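Peer 1: Input: one structure, supplied below.
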Amino acid sequence: MRINSYQEYKEVYQKSVENPSEFWNSIAEQFVWRKKWDKVLEYDWSKPSTKWFLNAKLNITENCLDRHLKDKGDQIAIIWEPNDPKEDAKHISYKELHSQVCAFANVLKNNGVTKGDRVCIYMPMVAELAVAVLACARIGAIHSVVFAGFSSTALAARINDATCKVLLTADGSFRGNKITPLKDIADEALKTCPSIEKTIVYQRTQQEISWNPSLDVWWHEELEKVDNHCPAEEMDSEDMLFILYTSGSTGKPKGMVHTCGGYMVYTAYSFQNVFQYKQGDIYWCTADIGWITGHSYIVYGPLSSGATTVMFEGVPSYPDFGRFWEVCEKHKVNQFYTAPTAIRALAKHPTELIDKYDLSDLKVLGTVGEPINEEAWHWYDDYVGKNKCPIVDTWWQTETGGMMISSLAGITEDKPTFATLPLPGIQPVLLDHDGTEISETKAEGILAIKHPWPSLARTIYGDHERYKNVYFSAYPDHYFPGDGALRDENGNYRITGRVDDVVIVSGHNLGTAPIENAINEHEKVVESAVVGFPHDIKGNALYAYVITYDGVEENDQLIKEVREVVSNTIGPIAKPDKIQFVKGLPKTRSGKIMRRILRKVASNDISNLGDVSTLLNPEVVEDIIENKL
Ligand code: WTA
């Protein structure tokens, strides 16, 4: 399944475009199916409907677990690293994981869960979270993991949207030196969630919790009642595997629906190719399983590839900002996958925190979730990768299920700030505003995908109309991800940011992401966010929120310099009219800047900021409003 050279990539890619069905047929052959498909692909994007591996039968956990038992039952499947470095890590073999998943699947059954039921999972990053996800898949229950940093209101909204029957949670969670009372939050949420019939509580922090005997049962007590034998439920390729809500930066969260067959094939294929995972490697993705990155590239992709995957309970800053590197050394990590926002936070700290540790096992670095600015890219390359590790900048979305545009580590070339080339089977195009495909190679436009791939989300749970409107209506016969991109003369794509973040200033289209990139180039700047605000003459003007390093004097001279950097990098037209120095930027729990709030403040429209409850750092909003220009 793994591509081994640039030449091979070119050939495979070509084949995947010329005959997608034949290509995916040959990849899918390499998995374990109960029954093979009658047809590889059937789709009609005017409905929209997409079906892969029609009428095939499988259970994804037989690919993630059972198939490995014969040859690598004793190999480690999951290395779990706790929040507190003094606590022991866990090494769970494939045999043990299989046994734990089967046992917990029986717990779910004992508590009334059957095929097709929705199970909400609101848990810390303990190994049992992965077990719970797989246990649902084992019996054909649909998991809906809600990130354990969400508020009770956000949790309740997600439980109710999917009418979940059972909730899996924990007494509390450890993250850094913070303990979050998950059970209390869940109790609060459940006041408005009539569909929940049982709550299964994992004991992690041992803190006091309130107990509702008609609803609550202890995880460990339930495990005592079951054995570890649980045959896997037979699923259709197009049966639902899970629902995952996308971060609520705009409007009501969307419950993206992923299905069994295509998702399995694509996550394993992309995992092995992008990271060039070789048997025996130790792979670490720092994401939380509450996000798609954790679903696809901590759990399903690595495990169906028979990999060893690291799960980390904590945060990069605890006990200090060297923790990531300490864990890399400790577990001899070969592939390391994180987010630009983490890289930028770490880059603020002295590099001695990296140099203390032996990172010589690292072979591949990865990023995901937002455009990575040039400065952060080079810091990652220089200090973490020591200029010897390829960096895969992976562009994809909750909706796409797997990585879409990325270099293949060491096989295709990487290029700072470019996600680079599409994976085999992925057909990106650039469109102009009328939806016409731009034929020149070197161009800038709206990114769209013109052919289905196996892990595309099939619908929004309970709202197919919205699915159609958001992704398939803007440009007929294309999937519209909502991002803009530019393409260089070699066909490399650079994601320029959300197309809704394009600001038209004096008739010029300006992407805010490149302007931010430019501002971040200034040596005194940590991070920035640029939004548009209405301007009498220009139509729109730019407002920049800028965070500087500790101890920097935020004066007129610096404002001048920041404007100059932008002017020099992009052009005078892109110079922000207003620059406000801020302590932090409002971020969603997945690390995305909530631009809606910044746009409102910039436009002096602060009476109705909308829902800020899902923010990671609501306190910065007050500071921003108080000091607005
Ligand atoms: C952005 C995360 C630039 C993009 C897997 C996309 C990126 C949204 C990149 C999806 C990247 C993700 N370069 N931008 N490498 N990766 N994005 O659903 O705007 O949390 O549409 O999925 O993140 O975010 P989501």
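The values are calculated or read from the model by the stated rules, or taken from the named source; none is laboratory data. Model, not experiment: these values are computed from the prediction. Positions of Cβ are generated from backbone atoms using ideal geometry, with glycine treated the same way; all protein chains shown enter the neighbour counts. Calculation scope for accessible area: heavy atoms of the full protein, side chains included, ligands and nucleic acids excluded. Shrake-Rupley method; radii C 1.70, N 1.55, O 1.52, S 1.80 Å.
Peer 1: Condition test on residue 613, is it of a type in the set (S, T, N, Q) and in contact with an Asp or Glu (Cβ under 7 Å, 6 or more places away or on another chain)?
Peer 2: no
Peer 1: Go over the candidates 438, 372, 446 one by one and state the one that is surrounded by 22 or more Cβ atoms within 10 Å (Cβ to Cβ) and touching a Gly at 6+ places or on another chain (Cβ under 7 Å).
Peer 2: It is 446.
Peer 1: Let me ask something additional. What about residue 377, is it more than 23 Å from residue 301 (Cα to Cα), in contact with a Ser or Thr (Cβ under 7 Å, 6 or more places away or on another chain), modelled with pLDDT of 95 or more and in the same structural domain as residue 304 (by TED's automatic domain parsing)?
Peer 2: yes
Here is a yes/no grid of residues against (1) within 16 Å of the ligand (Cβ to nearest atom); (2) over 30 Å from residue 397 (Cα atoms); (3) open to solvent by 60 Å² or more (accessible area, probe 1.4 Å):
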residue	(1), (2), (3)
538	no, yes, yes
559	no, yes, no
566	no, no, no
571	no, yes, no
581	no, yes, no
586	no, no, no
591	yes, no, no
613	no, no, no
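Peer 1: With under 26 Å from residue 274 (Cα atoms) and assigned by TED's automatic domain parsing to the domain that holds residue 51 as the only criterion, which of 462, 445, 435 stands out?
Peer 2: Of 462, 445, 435, the one residue that is under 26 Å from residue 274 (Cα atoms) and assigned by TED's automatic domain parsing to the domain that holds residue 51 is 445.
Rundown of residues vs (1) closer than 20 Å to residue 158 by Cβ; (2) modelled with pLDDT of 95 or more; (3) open to solvent by less than 10 Å² (accessible area, probe 1.4 Å); (4) not assigned by TED's automatic domain parsing to the domain that holds residue 598, yes/no style:
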| site | (1), (2), (3), (4) |
| --- | --- |
| 191 | yes, yes, no, yes |
| 197 | yes, yes, no, yes |
| 202 | yes, yes, no, yes |
| 228 | no, yes, no, yes |
| 246 | yes, no, no, yes |
| 262 | no, yes, yes, yes |
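Peer 1: I've got another one for you. Could you say which residue among 385, 410, 401 is assigned by TED's automatic domain parsing to the domain that holds residue 283, on the phi > 0 side of the Ramachandran plot and away from the ligand (no atom under 16 Å from the Cβ)?
Peer 2: 410
Peer 1: Looking at 337, 318, which one is open to solvent by less than 30 Å² (accessible area, probe 1.4 Å) and hydroxyl-bearing (Ser, Thr, Tyr)?
Peer 2: 337
Peer 1: Can you name the residue in the range 282-300 that is over 25 Å from residue 24 (Cβ atoms) and open to solvent by 10 Å² or more (accessible area, probe 1.4 Å) and, of all such residues, is nearest to the ligand (Cβ to nearest atom)?
Peer 2: 291
Peer 1: Can I ask one more? Listed residues 332, 254; which is away from the ligand (no atom under 16 Å from the Cβ), open to solvent by 10 Å² or more (accessible area, probe 1.4 Å) and basic (Lys, Arg)?
Peer 2: Answer to the check: 332.
Peer 1: Going by what's in this entry, would residue 383 be described as hydroxyl-bearing (Ser, Thr, Tyr), at pLDDT 95 or above and part of a helix (DSSP H, G or I)?
Peer 2: It is true that residue 383 is hydroxyl-bearing (Ser, Thr, Tyr), at pLDDT 95 or above and part of a helix (DSSP H, G or I).
Peer 1: Kindly indicate whether any position in the range 75-88 is in the same structural domain as residue 238 (by TED's automatic domain parsing), within 30 Å of residue 450 (Cα to Cα) and over 27 Å from the mean Cα position of the chain (by Cα).
Peer 2: No, there is no match, as no residue in the range 75-88 is in the same structural domain as residue 238 (by TED's automatic domain parsing), within 30 Å of residue 450 (Cα to Cα) and over 27 Å from the mean Cα position of the chain (by Cα).
Peer 1: Further question on the same structure: Is one or more of the residues making up the range 316-337 β-branched (Val, Ile, Thr), in the same structural domain as residue 172 (by TED's automatic domain parsing) and in contact with a Pro (Cβ under 7 Å, 6 or more places away or on another chain)?
Peer 2: Among the residues of the range 316-337, not one is β-branched (Val, Ile, Thr), in the same structural domain as residue 172 (by TED's automatic domain parsing) and in contact with a Pro (Cβ under 7 Å, 6 or more places away or on another chain), which makes the answer no.
Peer 1: Quickly run through the range 593-611 and pick out the residues that are hydrophobic (A, V, I, L, M, F, W, C) and either touching a strand residue (DSSP E or B) at 6+ places or on another chain (Cβ under 9 Å) or open to solvent by 30 Å² or more (accessible area, probe 1.4 Å) (or both).
Peer 2: 593, 594, 597, 598, 601, 602, 606
Peer 1: In addition: Can you find, within the range 357-367, the residue that is nearest to the ligand (Cβ to nearest atom) among those that are of a type outside the set (Ser, Thr, Tyr) and open to solvent by less than 20 Å² (accessible area, probe 1.4 Å)?
Peer 2: Ranking the candidates gives 366 first.
Residue-by-condition table, conditions (1) assigned to a loop (DSSP other than H, G, I, E, B); (2) of a type outside the set (A, V, I, L, M); (3) under 26 Å from residue 422 (Cα atoms):
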position: 15; (1), (2), (3): no, yes, yes
position: 23; (1), (2), (3): no, yes, yes
position: 33; (1), (2), (3): yes, yes, no
position: 52; (1), (2), (3): no, yes, yes
position: 71; (1), (2), (3): no, yes, no
position: 79; (1), (2), (3): no, no, no
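Peer 1: Here's another thing I want to ask about it. So which pairs qualify, if the first residue must be in the range 387-404 and closer than 14 Å to residue 452 by Cα, the second must be near the ligand (Cβ under 9 Å from one of its atoms) and part of a strand (DSSP E or B), the Cβ gap must be under 6 Å, and the two must be at least 6 apart or on different chains?
Peer 2: 399/256; 403/394; 404/395
Peer 1: Condition first: of a type in the set (Gly, Ala, Ser) and either modelled with pLDDT of 95 or more or open to solvent by less than 10 Å² (accessible area, probe 1.4 Å) (or both). Now tell me which residues in the range 414-435 satisfy that.
Peer 2: Those that are of a type in the set (Gly, Ala, Ser) and either modelled with pLDDT of 95 or more or open to solvent by less than 10 Å² (accessible area, probe 1.4 Å) (or both): 419, 425.
Peer 1: May I pose another question? Checking the structure you have, find out if any residue of the range 133-142 is in contact with a helix residue (DSSP H, G or I) (Cβ under 8 Å, 6 or more places away or on another chain), at pLDDT below 95, outside any loop (DSSP other than H, G, I, E, B) and not acidic (Asp, Glu).
Peer 2: No, the conditions are met nowhere in the range 133-142.
Peer 1: Follow-up. Please give the helices (runs of 4 or more DSSP H) falling wholly within the range 545-629 in which 3 or more residues are closer than 22 Å to residue 150 by Cβ.
Peer 2: Answer list for the range 545-629: 595-602, 619-626.
Peer 1: Any chance the range 28-38 includes a residue that's within 11 Å of residue 53 (Cα to Cα) and basic (Lys, Arg)?
Peer 2: Yes, the conditions are met somewhere in the range 28-38.
Peer 1: Quick one: residue 353 ticks every box in (1) open to solvent by 20 Å² or more (accessible area, probe 1.4 Å); (2) at pLDDT below 95; (3) touching a helix residue (DSSP H, G or I) at 6+ places or on another chain (Cβ under 8 Å) except a single one, so which number is it?
Peer 2: Among (1) open to solvent by 20 Å² or more (accessible area, probe 1.4 Å); (2) at pLDDT below 95; (3) touching a helix residue (DSSP H, G or I) at 6+ places or on another chain (Cβ under 8 Å), residue 353 violates only (2).
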